[in-house]
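To keep things clear, I will list the structure first and then write my remarks on it.
The values are calculated or read from the model by the stated rules, or taken from the named source; none is laboratory data. All figures in this text were calculated on a predicted structure; none of them were measured in a lab. Heads up, the Cβs are rebuilt from the backbone with ideal geometry, glycines too, and the neighbour counts pull from every protein chain shown. Each accessible area value is taken on the protein alone, full model and side chains, heavy atoms only, with ligands, DNA and RNA left out. Shrake-Rupley method; radii C 1.70, N 1.55, O 1.52, S 1.80 Å.
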Amino acid sequence: MENWLIANEIIIYKTVASVVAIFLIILLYSRVFGLRTFAKMTSIDFAATIAMGSIFADVIGSTDYSILKGSIALGIIIALQTLYSFFIRKSSVFKKAFTNTPYLLMKDGKILHKNLSKTNVSEGDLYGKLREANVIELKEVRAVVFEVTGDISVLHTRGDEPLASELLEGVTS
């Protein structure tokens with residue numbers, strides 16, 4: 001019987017074999033499907049990455065979850081993620097129906113309270129992100145964007161340099 005301090009040799013060997021096997025499968029899938037496999041560019045990518053992590057954990061830690069079952073599940077998730085990103089690139093109708101848009105939370109030092117409400121971001125959360133970005137004064141901030149992944153991007157300068165308009169393309173203001 002296994003407990004939280006020790007495990008028998010068979011379980012240890014199975015764990016090592018599972019880790020090595022799933023690691024090799026991950027390498028193979030990431031080479032076949034490309035760099036986006038573990039990217040966090042959209043909320044779907046983020047959800048897929050979390051699902052893949054759960055599968056890794058199940059394969060490694062559970063005696064009821066086979067390496068074959070795990071590799072098939074990983075392959076299906078990655079294939080669906082790849083198919084989703086293909087349709088996003090090729091179809092504007094699909095993109096509009098199935099993707100979120102980033103929101104502007106600040107513009108030229110001014111907080112956009114309406115967008116804070118829409119995105120459920122508090123002023124405290126916003127100020128925390130500004131501190132992380134080493135903003136000293138609000139007037140330094142050119143834009144703060146709530147990205148589709150849930151990340152917050154802070155674009156700021158110490159001078160009066162204008163913000164390139166391309167950086168806000170597709171952002172809901």
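Yes/no per residue for (1) among the hydroxyl-bearing types (Ser, Thr, Tyr); (2) at positive phi; (3) touching a helix residue (DSSP H, G or I) at 6+ places or on another chain (Cβ under 7 Å):
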site	(1), (2), (3)
Ala47	no, no, no
Ser54	yes, no, no
Val59	no, no, yes
Thr63	yes, no, no
Arg89	no, no, no
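State all residues of the range 101-116 that are surrounded by 15 or more Cβ atoms within 10 Å (Cβ to Cβ) and either within 20 Å of the chain's Cα centre (by Cα) or aromatic (Phe, Trp, Tyr) (or both); if no residue qualifies, say none.
Matches in the range 101-116: Pro102, Tyr103, Leu104, Leu105.
Any residue that is open to solvent by 90 Å² or more (accessible area, probe 1.4 Å) and either in a helix (DSSP H, G or I) or touching a Gly at 6+ places or on another chain (Cβ under 6 Å) (or both) - is there at least one of those in the range 37-45?
no
Filter the range 34-73 for residues that are in contact with a Ser or Thr (Cβ under 7 Å, 6 or more places away or on another chain) and modelled with pLDDT of 85 or more and give the result.
Listed by number, the residues that qualify are Val59, Ile60, Ile67.
Would it be correct to say that Ile25 is within 30 Å of Phe98 (Cβ to Cβ), open to solvent by 60 Å² or more (accessible area, probe 1.4 Å), part of a helix (DSSP H, G or I) and in contact (Cβ under 8 Å) with a residue 12 or more places away in the chain?
So Ile25 does not fit the description; no.
So which of Glu132, Glu140, Glu123 ends up being surrounded by fewer than 19 Cβ atoms within 10 Å (Cβ to Cβ), among the acidic types (Asp, Glu) and in contact with a strand residue (DSSP E or B) (Cβ under 6 Å, 6 or more places away or on another chain)?
On inspection, the qualifying residue turns out to be Glu140.
Based on this model, can you work out whether Asp151 counts as out of contact with any strand residue (DSSP E or B) (no Cβ under 6 Å at 6 or more places or on another chain) and either closer than 23 Å to Ser43 by Cα or β-branched (Val, Ile, Thr) (or both)?
Taking the combined requirement at face value, the residue satisfies it.
Would you call Thr42 under 30 Å from Thr101 (Cβ atoms), hydroxyl-bearing (Ser, Thr, Tyr), out of contact with any Pro (no Cβ under 9 Å at 6 or more places or on another chain) and touching a residue at least 40 places away in the same chain (Cβ under 8 Å)?
Yes, satisfied.
Which of the residues belonging to the range 93-118 are among the β-branched types (Val, Ile, Thr), within 20 Å of Leu163 (Cβ to Cβ) and either in contact with a His (Cβ under 9 Å, 6 or more places away or on another chain) or at pLDDT 90 or above (or both)?
Ile111
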